Amino acid sequence: MSHLRFCIRCLLLILISLPFTSLQALTNEESPPPYYAKDSLNNNRFLLEDNVPLADKNYQKLREALPLYQYAALHPWPTIPDNNLLKRGANNSAVPLLRARLQASHDLSPTYYSFNNVFDEELVLAVKKFQQRHGLKADGVVGQATRRELNIPPSVRAQQIAINMQRWARLSSALHDRFIMVNVPDFKLYVFENNHEVLSMKAIVGKRDRQTPEIISRITRLVLHPYWNVPRMIASKDIIPKVINDPYYLDDMHIRIFTVEGGDSVEMSPYEIDWETAQKNGFQYFFRQDPGDDNALGQVKFEFPNSKHIYLHDTPAKELFDADVRTFSSGCIRLENPFALVDYLMKTNPKWDEIRLQDMLDTGETTYVKAARPTPIVITYITAWVDEKGDIQFRDDVYGKDE
């Protein structure tokens, strides 16, 4: 009898997977990473899960979640109609559909039963869980953004899972022991030690037309009160138009202009330059912003070798961290709480403490500090993963890389 049940379960898995042969081919194009048992029907694959590297753990957990979304593609979950806001206390014919939808994705317990149209407290909690898993403000209210995520077809989610399984597989060798990870679609920076998150903070990443690239490197140096050497693209597209509109913009922002003569940098007056001509014919100079309150890099930047001239840094524009979608930069990564990362990188230096840091900042001078803990950094693009509570997380494909 047990053998018969085993065969039936295998047959069901095969039937569920048949319409998704392309997905299965995608998930099998690379050998799965180690650290998981080969019994695909056993949910306790990880005997020592704390010892499983992050990438391998996510590969396997996504692999376990995939059949749920494949099954849902064959038996589609309800679509939530475009009504007004659905929130606590609402009496609306869409509420039963919302319950069924949230039960299908396991955000609402399958044992929960209600036969009325009232948006009750259990539904509020389920909506909050769904919102948290999709990077939305967890307010328990079904508005336009939440409804859009609810109505994404399960076949799309299944494909998203499969694509991200391969991303995690490719990261398997990079995410070990101690590392910093910036996940661009999540707009966050994480620090991991021994497969556990020890620090996280909001991040701002590049715009869709100025994307933050994927990089594997190592943070080696911090710069307090940094100068900002303005990239030529930003100078041409952003700063010169502002100077044309406001001749005092450079003075107000403490940005200076230099040209190179005989290998030396020579400062120029902004009033000597024909800005209209410079915009049309190409800008032959370079801008540098002095340290200070207006500096685009804030009070600290973090350097790591890479060919794209990307770095992490502070920012004076703290209000931008309140946005849910934080694609505001020209490629570099702005941090909400950069000095927490300073503390992490310097904590093994017995001579380093908050007093010494403050003394350096009080000078107002540019200071270069070697990281006491040079730490691997991985800037990656992940739109599906499993968090430490075991919940699958999805994020919008902000750069269109899942297509």
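For the range 312-342, the candidate set comprises residues that are within 26 Å of THR367 (Cβ to Cβ) and in a strand (DSSP E or B); within that set, the residue that is farthest from the chain's Cα centre (by Cα) is HIS313.
Condition check ((1) touching a helix residue (DSSP H, G or I) at 6+ places or on another chain (Cβ under 8 Å); (2) outside any helix (DSSP H, G or I)) across all residues:
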residue: LEU361; (1), (2): no, no
residue: ALA371; (1), (2): yes, yes
residue: ILE382; (1), (2): yes, yes
residue: LYS389; (1), (2): no, yes
residue: LYS401; (1), (2): no, yes
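Condition check ((1) out of contact with any helix residue (DSSP H, G or I) (no Cβ under 7 Å at 6 or more places or on another chain); (2) touching a residue at least 24 places away in the same chain (Cβ under 8 Å)) across all residues:
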| residue | (1), (2) |
| --- | --- |
| MET268 | yes, no |
| TYR271 | yes, yes |
| GLU276 | no, yes |
| ASP293 | yes, no |
| LEU320 | yes, yes |
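Considered as a group, the residues in the range 86-121 that are more than 29 Å from TRP385 (Cα to Cα) and among the hydrophobic types (A, V, I, L, M, F, W, C) include one that is farthest from the chain's Cα centre (by Cα), and that residue is PHE115.
Filtering the range 166-216 to residues that are crowded, with 20+ Cβ neighbours inside 10 Å and modelled with pLDDT under 95 leaves only LEU175.
Total residues in the range 240-260 satisfying the condition of being surrounded by fewer than 11 Cβ atoms within 10 Å (Cβ to Cβ) and under 25 Å from PRO226 (Cβ atoms): the figure is 2.
Out of the residues in the range 188-212 that are in a loop (DSSP other than H, G, I, E, B) and out of contact with any helix residue (DSSP H, G or I) (no Cβ under 9 Å at 6 or more places or on another chain), which is nearest to ASP397 (Cα to Cα)?
ARG208
Looking at the range 103-130, which of the residues that are small (Gly, Ala, Ser) and part of a helix (DSSP H, G or I) is surrounded by the fewest Cβ atoms within 10 Å (Cβ to Cβ)? Once the filter is applied, the top-ranked residue is ALA104. Screening ALA371, ALA384, ALA340 for residues that are buried (at least 18 other Cβ atoms within 10 Å of the Cβ), under 20 Å from THR220 (Cα atoms) and at pLDDT 95 or above leaves exactly one candidate, ALA371.
Yes/no per residue for (1) among the aromatic types (Phe, Trp, Tyr); (2) within 21 Å of PHE394 (Cβ to Cβ):
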residue	(1), (2)
GLY89	no, no
SER105	no, yes
TYR112	yes, no
ASP120	no, no
GLY140	no, yes
GLN144	no, yes
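For the range 183-197, check the following and say yes or no: at least one residue is farther than 18 Å from ALA317 by Cβ and in contact with a Gly (Cβ under 7 Å, 6 or more places away or on another chain). Checking the range 183-197: at least one residue is farther than 18 Å from ALA317 by Cβ and in contact with a Gly (Cβ under 7 Å, 6 or more places away or on another chain).
Screening PHE302 on (1) in a loop (DSSP other than H, G, I, E, B); (2) within 25 Å of VAL342 (Cβ to Cβ); (3) among the aromatic types (Phe, Trp, Tyr) shows it passes everything except condition (1). I want to confirm something. Restricting to the range 196-213 and keeping residues that are aliphatic (A, V, I, L, M) and touching a Pro at 6+ places or on another chain (Cβ under 9 Å), which single residue is farthest from PHE328 (Cα to Cα)? Among those residues, the one meeting the criterion is MET201.
Selection over the range 73-96 of residues that are within 19 Å of GLN131 (Cβ to Cβ) and outside any loop (DSSP other than H, G, I, E, B) gives a count of 2.
None of ASP294, ASP314, ASP264, ASP324 is among the acidic types (Asp, Glu) and touching a His at 6+ places or on another chain (Cβ under 8 Å) except ASP294.
Based on what the data block shows, is GLY282 small (Gly, Ala, Ser), under 22 Å from SER330 (Cα atoms) and at pLDDT below 90? When the stated conditions are applied, GLY282 passes them.
The values are calculated or read from the model by the stated rules, or taken from the named source; none is laboratory data. The shown structure was predicted, so the numbers you read here are calculated from the model rather than taken from an experiment. Quick reminder, even Gly has a Cβ in these numbers, built from the backbone with ideal geometry, and neighbours come from all protein chains shown.
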